[in-house]
Amino acid sequence: DKATARRLLRAAEASLAMAESRGVWQRCRHFTFVFRGNRVLSVGLNSPKTHPRNLSYGYVNKRRSDISWLVGTHSEMSAVMRLESEDARGLCLVNTRINRKGEFDYSRPCSGCLDMITRMGFREVYHTTKEGGFVRMEPGS
């Protein structure tokens with residue numbers, strides 16, 4: 001629908017602008033936008049710093065070992081910490097990833113972030129693809 005298309009366009013344009021202004025010190029830049037309707041409620045970006053809230057969610061590595069104590073603050077967690085509530089029912093979360101070439105890349109939330117997104121009750125979740133588009137996913141999938 002038109003409202004969703006506007007949200008995704010706003011997130012894409014803002015991601016490109018922020019990635020350009022932040023430089024290339026990371027191999028990629030992840031951004032998360034939380035919307036209520038067309039209004040941006042919060043924006044988060046990835047950081048190498050850990051945060052105690054990581055311990056509340058299921059961050060695991062490929063061998064399924066708990067790495068919650070080790071993982072940096074993901075853009076999803078950063079955006080959620082800026083919300084005034086942990087009740088995200090009715091809200092839309094949009095994830096983007098910009099690689100070192102300045103192109104969109106695959107940005108599906110990891111297991112720990114999906115756990116958080118599902119528990120908080122987000123209504124819609126979108127992420128960028130390697131081809132530069134967006135995919136809608138069901139929280140918890």
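The values are calculated or read from the model by the stated rules, or taken from the named source; none is laboratory data. Keep in mind that this is a model prediction, so the values were computed, not measured. Because the Cβ atoms are built from the backbone with ideal geometry, glycine has one as well, and the counts that use them run over all protein chains shown. Ligands, DNA and RNA are stripped out before the accessible areas are found, and what is left, the full protein with its side chains, is counted by its heavy atoms. Shrake-Rupley method; radii C 1.70, N 1.55, O 1.52, S 1.80 Å.
When the residues of segment 1-41 are narrowed to those that are at pLDDT 90 or above, of a type in the set (Val, Ile, Thr) and touching a Lys or Arg at 6+ places or on another chain (Cβ under 9 Å), which ends up farthest from Gly132 (Cα to Cα)? Checking each candidate, the answer is Val40.
Is it fair to say Leu70 is at pLDDT below 90 and part of a helix (DSSP H, G or I)? Even if it seems obvious, please write down each step before you answer.
Values: at pLDDT below 90: yes; part of a helix (DSSP H, G or I): no.
When the stated conditions are applied, Leu70 does not pass them.
Scanning segment 73-94 for residues that are β-branched (Val, Ile, Thr) and at pLDDT below 90 returns a single hit, Thr73. Filter segment 86-141 down to the residues that are of a type in the set (Val, Ile, Thr) and out of contact with any Leu (no Cβ under 8 Å at 6 or more places or on another chain) and list them by number. Listed by number, the residues that qualify are Thr96, Thr118, Thr128, Thr129, Val135. Screening segment 94-115 for residues that are part of a loop (DSSP other than H, G, I, E, B) and free of Cβ contacts under 8 Å to residues at least 60 places away in the same chain and picking the one that is least open to solvent (accessible area, probe 1.4 Å) gives Pro109. Once segment 76-93 is narrowed to residues that are over 10 Å from His127 (Cα atoms) and in a strand (DSSP E or B), the residue that is least open to solvent (accessible area, probe 1.4 Å) is Cys92.
Restricted to segment 132-141, and to residues that are closer than 15 Å to Leu8 by Cα and not small (Gly, Ala, Ser), which residue is most open to solvent (accessible area, probe 1.4 Å)? Filtering segment 132-141 for residues that are closer than 15 Å to Leu8 by Cα and not small (Gly, Ala, Ser), the one most open to solvent (accessible area, probe 1.4 Å) comes out as Arg136.
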